[in-house]
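Nothing in this text is a laboratory measurement; each read-out follows from the coordinates by a stated rule. Quick caveat: nothing in here was measured; it's all calculated off a predicted structure. Here the Cβ is made from the backbone with ideal geometry for all residues, glycine too, and neighbour counts use every protein chain on show.
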Amino acid sequence: METDRIILRPWREEDAAALYKYASDPEVGPRAGWPPHRDIEESREVIRTLFSGEGMWAVVLKETGEAIGCAGYLPASHSNLEIAEDQCEVGYWIARPYWDRGLCTEALGLVVDYCFKEKGFSALWGDYFPDNPASGRVMEKCGFVDTGKEVMCPNLLVGSDRPVRVMRLDR
């Protein structure tokens with residue numbers, strides 16, 4: 001999947017150095033519910049375990065070929081939210097040097113198209129911490145609507161003690 005500026009492709013172990021470079025930034029992970037990476041081996045392990053499954057893609061900048069973020073979806077069985085089996089939860093993050101360039105919106109747009117056209121989900125869900133409104137704006141630009149609900153996500157490694165704002169996109 002691609003746009004003029006990015007490609008979404010499966011993660012590779014060779015991406016570990018780039019992942020560590022950006023995922024070790026203390027401003028990135030906690031905004032998405034995970035702690036900063038401590039070393040390249042931890043990033044490699046994340047690629048092997050969390051990013052290797054279906055529905056998780058590296059956001060690769062075409063200009064450089066470097067992985068600069070992640071976008072994907074979680075089926076209902078792995079979602080932080082209580083959703084129906086024919087629905088999924090989307091997620092994304094982008095490295096700080098690439099914030100405010102519309103790249104997350106492009107990546108999420110590709111995920112949305114894939115989830116509806118290829119997977120046939122009936123609705124997509126997303127959530128964000130209220131102190132990270134930029135994440136909510138990404139979803140809004142892709143058609144998501146604020147449900148007005150805030151919930152706790154006890155499975156998050158960072159932020160499980162703070163509510164998230166819930167967004168939804170119907171087919």
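A Förster radius of 35 Å, combined with the Cβ-Cβ distance separating GLU14 from VAL145, puts the computed FRET efficiency at roughly 0.35. Counting neighbouring beta carbons within 10 Å and listing from fewest to most, the residues VAL138, VAL46, VAL59 come out as VAL46, VAL138, VAL59. Looking at the range 130-171, the pairs of alpha carbons with a distance over 16 Å make up 39% of the total.
Rounded to the nearest 20, the size of the Cβ-charge dipole of the range 1-56 about its Cα centre is 80 debye, with Lys and Arg at +1 and Asp and Glu at -1.
Treating r as the C-beta distance of ASP170 and GLU63 and R0 as 30 Å, the FRET efficiency rounds to 0.30. Rounded to the nearest 20, the size of the Cβ-charge dipole of the chain about its Cα centre is 240 debye, with Lys and Arg at +1 and Asp and Glu at -1. What the Cβ-Cβ distance of HIS78 and ARG5 gives, at R0 = 45 Å and to the nearest 0.05, is a FRET efficiency of 0.95.
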